[in-house]
Amino acid sequence: MQLTDKHREYWRRNLNLTGVLLAIWFVVTFVVIWFAKELNEVVIAGFPFAFYMGAQGALIVYVLIIWYYARRMNQLDQEYGVHEGEE
Amino acid sequence: MTALTQTQFYSQLKRYYGFYTGGFITFVIVLAILEQMGLPAAWIGYIFLGATIALYAGIGIMSKTADVSEYYVAGRRVPALFNGMATGADWMSAASFIGMAGTLYLSGYDGLAFVMGWTGGYVLVALFLAPYLRKFGQFTIPDFLGARYGGNVPRTLGVLAAIICSFVYVVAQIYGVGLITARLTGLEFAIGVYVGLAGILVCSFLGGMRAVTWTQVAQYIILIIAYMIPVVWLSVNIAGNPVPQLAYGQVLQQVTAKEKELNDPGTALGAAEASARAAHKAKQAEFEAKIKALDEAVAAGQGADFLAAERTAAGDPKDFPATVDALKDKWKKAADGHKKASGPVAAHATAFAGKGAEAKLLREKPDASAEEIAKARAEDRAESNKKRLNFLALVLCLMVGTASLPHILMRYYTTPSVREARKSVFWSLLFIFLLYFTAPALAVLVKYEVYHSLVGTPFADLPAWVAKWAAVDPTLMKAVDINLDGIVQLAELTLGGDLIVLVTPEIAGLPYVISGMVAAGGLAAALSTADGLLLTIANALSHDVYYKMIDPKASTVRRLAVSKGLLLVVALVAAYTASLKPGDILFLVGAAFSLAASAFFPALVLGVFWKRANYAGAVIGMTVGLGVCMYYMFITYPFFGGSPDNEWFGIKPISGGVFGMPAGFLGVIIGSLLSRAPAKEIQELVDHVRYPSLEGDIETKAA
């Protein structure tokens, strides 16, 4: 089994994607919590912002992150010819 | 069924579960009609309990199997959507279903650590673990550790950690099952435990993962319907909007306004509240004086006389504490309770409230000097920062713990492909999200109801459910007129967190059949999680210990027999432990997350993302991670004889994982760098799991 450059590129792109998504995850979770007191001063539709993020916003972002990762990786598999056969 | 293609199988499943959902709704409607015709409430409870357990058992019997791959990983053909539902049910325990909204009710913003922690962890599952574990494609998590790092020691450590986390967790689930069964039918708690256990066993015993998977899908459908209906109804009642998640923003504002009013003695409501708080304060002082007298008597060597005198004074009740220490504890608890009730209400959405030292100072001493005010402010800030730090630590531990709990990770072995595994994490979180983003709405809606229809009402006019639940369990609901004005104040109400979900149908004015359905939903949540956990423990023992280490030549029949035998033993031990009602169960559940995070996460993630990680690194990393986390809990948690004085940076013992995890990562890295790089075969294995398909690839998939 020998990895080609194409394979290495696939893995590099996977790592980039993982890194970017992880950064988003970090910001909506930990950065928002860190500034929760300040962010709570902003009120949208009755919700103080940090409270809203903790109760709904961050969760929605998590769902989207995972949705996007699955979609993008499944595309990359095809693009780099490492996808599985149909079952 | 084996002759079906995956597509046919998928559409068949959709049809089956479509019918099933319709059937369940019809069943509830029929019961509702019967209730109107006069069916007593107790009967409705029995019918719900009997019908749902029979249903789960039925699915278990239909899915019975003697095939190893079916037994361990449901034949690896569970479509992403259904694996998502099964994971949702597997994941959401009694604590999520019943406890979550209650925690949010009681602690407002600070309770959101659980909401974020228990959902955000799936991002880590999706990015770091699920697709790679699926490609590896064996049966258990220790399997991966064993293959990736070689040798029996990493595998054994994996088994050990899997058993510690899962066992603690399963005891809590069986405890929940017992509690709900007892509530639903009026049976005794200990009997409830074993009845529930029977329901768990019928399913997992016959069909292993296959039966558990299809039962969990059925359980998910019940639990989500049961959770949603009362909240939607309540939201229509209060906000006139059937989407509680949107509606409660406005309600939250009203709740916050009310909280301000309650804390302001200038208003009529605030003045009444202040008088109730003053009465609590007097009671607190009374108990503190008693404790002081007790301490003096003990110091003078007259503890026994003191106890006897107090017993006589109390009218010699049966439940009077037997020792001086127990009496002191009881008084201390009472004093603490009154102290808590005498403080102002914290605003629901406020993050990391300080001690209130500044407010208190200004109240008691309006002419305080600038220096005193600055000191009080600093105190408040320190308290607030400590809360924030603990919140961050808890969120991190819960997230990483989620991505390390074997019973969840195992579920991603059951999908047909890597592609489906990735999609399946999405479905899992979506289904979990439905409940978790509803819980904060429910908490706020119930709070609104308490502030508006309980507070300020004469005791004689309280709604019927208050008296009913007070009779069931005074720790869940209690209303005492402490300042004797005949009107209910917030400080006079005690609400237990577990009450919130259970009482919602009654607050919303729904018929009893909905209460029965909510209890059945809670039962489904507890049973499904218990199923998954028991299977994880039994599989770790039978597959990893017996088959892989003791007798690799064992026949299929023998392997399954051992597995089922162990399942029975583990279940009985867990049920026995639960029936003893061990204290501190909530702490133990939280601790399971910290422990899992410290033990598994570094070795699993580095195993995929760092080729250089090797045997020595894994052994050192897992031992050190688990060791540091356990040590920290041991020195800081009073139950183990520790003391909060030993805390590092003021971090609570439940979040010990924030120290265990970095220690684990360092352990793996240092251990690996100090020893030789792993063999070529191992490096090939890493490439194998990284690419869904590779030419000339090796094969690790177990049949």
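The values are calculated or read from the model by the stated rules, or taken from the named source; none is laboratory data. All values derive from a computational prediction rather than experimental measurement. Positions of Cβ are generated from backbone atoms using ideal geometry, with glycine treated the same way; all protein chains shown enter the neighbour counts.
Numerical summary
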{"quantity": "Hits in the range B:655-703 - residues which are more than 11 Å from every other protein chain (Cβ to nearest Cβ), closer than 30 Å to residue B:559 by Cα and in a helix (DSSP H, G or I)", "calculated": "B:682, B:689"}
{"quantity": "Residues that are farther than 26 Å from residue B:227 by Cα, outside any helix (DSSP H, G or I) and either within 12 Å of chain A (Cβ to nearest Cβ) or within 15 Å of the chain's Cα centre (by Cα) (or both), drawn from the range B:399-439", "calculated": "B:415, B:416, B:417"}
{"quantity": "Residue satisfying condition, being farther than 27 Å from residue A:52 by Cα, at pLDDT 85 or above and not in a loop (DSSP other than H, G, I, E, B), within set B:259, B:288", "calculated": "B:288"}
{"quantity": "Subset of the range A:1-51 [more than 17 Å from residue B:396 (Cα to Cα) and within 19 Å of the chain's Cα centre (by Cα)]", "calculated": "A:10, A:11, A:12, A:13, A:14, A:15, A:16, A:17, A:18, A:19, A:20"}
{"quantity": "Residue within the range B:560-572 that is assigned by TED's automatic domain parsing to the domain that holds residue B:639, under 23 Å from residue B:95 (Cα atoms) and not β-branched (Val, Ile, Thr) present", "calculated": "yes"}
{"quantity": "Verdict on residue B:574 being surrounded by 24 or more Cβ atoms within 10 Å (Cβ to Cβ) and under 30 Å from residue B:684 (Cα atoms)", "calculated": "no"}
{"quantity": "Residue in the range B:208-217 that is surrounded by 20 or more Cβ atoms within 10 Å (Cβ to Cβ), at pLDDT below 90 and within 19 Å of the chain's Cα centre (by Cα) present", "calculated": "no"}
{"quantity": "Residues of the range B:74-86 that turn out to be within 10 Å of residue B:220 (Cα to Cα) and either in contact with a Gly (Cβ under 9 Å, 6 or more places away or on another chain) or in a loop (DSSP other than H, G, I, E, B) (or both), as a count", "calculated": "1"}
{"quantity": "Condition met for residue B:359 (more than 13 Å from chain A (Cβ to nearest Cβ) and either over 20 Å from residue A:35 (Cβ atoms) or assigned to a helix (DSSP H, G or I) (or both))", "calculated": "yes"}
{"quantity": "Selected residue [among the small types (Gly, Ala, Ser) and either within 30 Å of residue B:69 (Cβ to Cβ) or not in a helix (DSSP H, G or I) (or both)] from B:650, B:625", "calculated": "B:650"}
{"quantity": "The range B:478-508 - residue that is within 28 Å of the chain's Cα centre (by Cα) and part of a loop (DSSP other than H, G, I, E, B) and, of those, nearest to residue B:467 (Cα to Cα)", "calculated": "B:496"}
{"quantity": "Residues located in the range B:464-477, provided they are touching a residue at least 40 places away in the same chain (Cβ under 8 Å) and either outside any helix (DSSP H, G or I) or surrounded by 14 or more Cβ atoms within 10 Å (Cβ to Cβ) (or both)", "calculated": "B:465"}
{"quantity": "Inter-residue pairs, beta-carbon under 7 Å, first under 8 Å from residue B:213 (Cα atoms) and touching a residue at least 24 places away in the same chain (Cβ under 8 Å) and in the range B:79-91, second among the charged types (D, E, K, R) and assigned to a helix (DSSP H, G or I), 6+ apart", "calculated": "B:83/B:411; B:86/B:411"}
{"quantity": "Residue among B:338, B:348 that alone is in contact (Cβ under 8 Å) with a residue 24 or more places away in the chain and within 30 Å of residue A:52 (Cα to Cα)", "calculated": "B:348"}
{"quantity": "Close pairs from the range B:506-534: first in the same structural domain as residue B:178 (by TED's automatic domain parsing) and in contact (Cβ under 8 Å) with a residue 40 or more places away in the chain, partner surrounded by fewer than 24 Cβ atoms within 10 Å (Cβ to Cβ) and of a type in the set (Lys, Arg), Cβ under 7 Å, at least 6 apart", "calculated": "B:519/B:183"}
{"quantity": "Per-region count, the range B:63-73, residues in contact with a Gly (Cβ under 8 Å, 6 or more places away or on another chain), surrounded by fewer than 24 Cβ atoms within 10 Å (Cβ to Cβ) and not in a loop (DSSP other than H, G, I, E, B)", "calculated": "2"}
{"quantity": "Positions within the range B:7-37 being exposed (fewer than 14 other Cβ atoms within 10 Å of the Cβ) and either more than 21 Å from residue B:519 (Cβ to Cβ) or not assigned by TED's automatic domain parsing to the domain that holds residue B:65 (or both), in sequence order", "calculated": "B:7, B:8, B:11, B:12, B:14, B:15, B:16, B:18, B:19, B:22, B:37"}
{"quantity": "Residue satisfying condition, being aromatic (Phe, Trp, Tyr) and either exposed (fewer than 15 other Cβ atoms within 10 Å of the Cβ) or at positive phi (or both), within set B:306, B:320, B:352", "calculated": "B:352"}
{"quantity": "Test: residue B:273 is within 36 Å of the chain's Cα centre (by Cα), at pLDDT below 90, surrounded by 14 or more Cβ atoms within 10 Å (Cβ to Cβ) and assigned to a helix (DSSP H, G or I)", "calculated": "yes"}
{"quantity": "First in the range B:118-138 and outside any helix (DSSP H, G or I), second anywhere and surrounded by fewer than 23 Cβ atoms within 10 Å (Cβ to Cβ), Cβ under 7 Å, 6 or more apart", "calculated": "B:137/B:700; B:137/B:701; B:137/B:702; B:138/B:700; B:138/B:702"}
{"quantity": "Filter result for residue B:194 (surrounded by fewer than 23 Cβ atoms within 10 Å (Cβ to Cβ), among the aromatic types (Phe, Trp, Tyr), assigned to a helix (DSSP H, G or I) and modelled with pLDDT of 80 or more)", "calculated": "yes"}
{"quantity": "In the range A:7-54, residue nearest to the other protein chains (Cβ to nearest Cβ) [restricted to those that are among the aliphatic types (A, V, I, L, M), touching a residue at least 24 places away in the same chain (Cβ under 8 Å) and surrounded by 17 or more Cβ atoms within 10 Å (Cβ to Cβ)]", "calculated": "A:21"}
{"quantity": "Matching residues in the range B:237-253 - criterion: being over 14 Å from residue B:452 (Cβ atoms) and surrounded by fewer than 15 Cβ atoms within 10 Å (Cβ to Cβ)", "calculated": "B:240, B:242, B:243"}
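For every residue, the table says whether it meets (1) at pLDDT 90 or above; (2) surrounded by 24 or more Cβ atoms within 10 Å (Cβ to Cβ); (3) more than 23 Å from residue A:67 (Cβ to Cβ).
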| position | (1), (2), (3) |
| --- | --- |
| B:83 | yes, yes, no |
| B:86 | yes, yes, no |
| B:120 | yes, yes, no |
| B:131 | yes, yes, no |
| B:137 | no, no, yes |
| B:155 | yes, yes, yes |
| B:177 | no, yes, yes |
